[in-house]
Amino acid sequence: MPRDALPLADRIAGLNARYRHHSATSVVDHALGDADTGRVALVSSFGAESVVLLHMVAMVEPATPVLFVETGMLFPETLAYQHEVAAHLGLRDLRIIRATPVRVAAHDPEGLLHRTDPDACCALRKTEPLDRALGPFDAWITGRKRFQSGSRAELSFFEAEETGRIKINPLAHWAPQDVADYMINNRLPRHPLVARGYPSIGCAPCTTPVATGEDPRAGRWRGSDKDECGIHFVDGKMVRGPLRAAS
């Protein structure tokens with residue numbers, strides 16, 4: 001039966017059943033060629049742990065499209081690390097994704113939106129451009145893991161999005177030590193900010209160092225109840241997707 005003939009929920013259920021006992025590397029290897037996933041891209045922040053998935057994908061197919069959202073507010077160290085890792089791994093299709101200048105000028109002309117409405121800032125600078133960049137793809141690979149926050153506690157290898165795309169989470173079941181071991185065993189370069197107390201790295205204005213004993217994501221949007229990027233509110237409900245066009 002053709003892939004598109006099956007409802008998305010059925011394809012997700014089939015993929016999760018098929019790869020239920022597979023390792024992360026096996027999920028990456030097979031998902032990049034599985035007819036049920038279709039055209040796949042890797043979305044990477046080039047953050048603290050991003051090099052793990054980048055390495056897995058590069059070992060299978062270095063020409064896999066890698067989408068990097070450059071929000072215009074990233075740490076200089078992240079931008080330098082992106083160049084270093086891309087060269088180290090031989091990534092052949094790295095795509096730098098940015099918000100359109102017109103949208104930024106209309107919604108955040110002074111670059112201060114993150115202070116008053118961080119959800120709207122994430123939507124403008126990350127979600128909108130990422131949604132556009134993902135347009136040609138049927139599925140995308142993320143580095144999300146169950147241990148990262150309560151909202152990810154039931155994460156599966158494959159998820160359905162309202163857009164009709166599939167989200168692939170090869171590291172869903174990994175523990176922090178699994179990440180550390182993989183990086184050590186494969187001699188992968190580390191983000192320079194990790195050694196300075198940043199176990200989770202986002203945009204510079206919204207990321208602070210984490211003290212010993214704190215949750216690794218405690219430095220993201222510190223002091224607010226926000227714990228995810230790429231989300232915002234429409235009519236009082238948290239949704240994922242582009243902002244409404246300005247009226």
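The values are calculated or read from the model by the stated rules, or taken from the named source; none is laboratory data. These numbers come from a predicted model, not from an experiment. Neighbour counts are summed over all protein chains in view; Cβ atoms, including those assigned to glycine, are modelled from backbone coordinates with ideal geometry.
Here are some notes:
- GLY47 at positive phi and surrounded by 14 or more Cβ atoms within 10 Å (Cβ to Cβ): no
- Residue count for region 194-212, restricted to those that are farther than 27 Å from ALA139 by Cα and either in contact with a Cys (Cβ under 8 Å, 6 or more places away or on another chain) or in a helix (DSSP H, G or I) (or both): 6.
- Residue in region 25-44 that is without any contact (Cβ under 8 Å) to a residue 12 or more places away in the chain and buried (at least 18 other Cβ atoms within 10 Å of the Cβ) present: no
- Count of region 68-96 residues which are surrounded by 21 or more Cβ atoms within 10 Å (Cβ to Cβ) and not β-branched (Val, Ile, Thr): 5
- Of all residues in region 65-105, those that are within 16 Å of ALA204 (Cβ to Cβ), under 17 Å from the mean Cα position of the chain (by Cα), touching a residue at least 12 places away in the same chain (Cβ under 8 Å) and in a helix (DSSP H, G or I) total 3.
- For ARG165, the conditions (1) more than 30 Å from PRO7 (Cα to Cα); (2) in contact with an Asp or Glu (Cβ under 9 Å, 6 or more places away or on another chain); (3) of a type in the set (D, E, K, R) all hold with the exception of (1).
- Check on VAL239, at pLDDT below 85 and on the phi < 0 side of the Ramachandran plot: yes
- Matching residues, region 16-64, being farther than 12 Å from PRO170 by Cα, assigned to a helix (DSSP H, G or I) and of a type in the set (D, E, K, R): ARG18
- Scanning region 151-193 for residues that are farther than 18 Å from PHE46 by Cα, in contact with a helix residue (DSSP H, G or I) (Cβ under 7 Å, 6 or more places away or on another chain), among the hydroxyl-bearing types (Ser, Thr, Tyr) and assigned to a helix (DSSP H, G or I) gives no hits.
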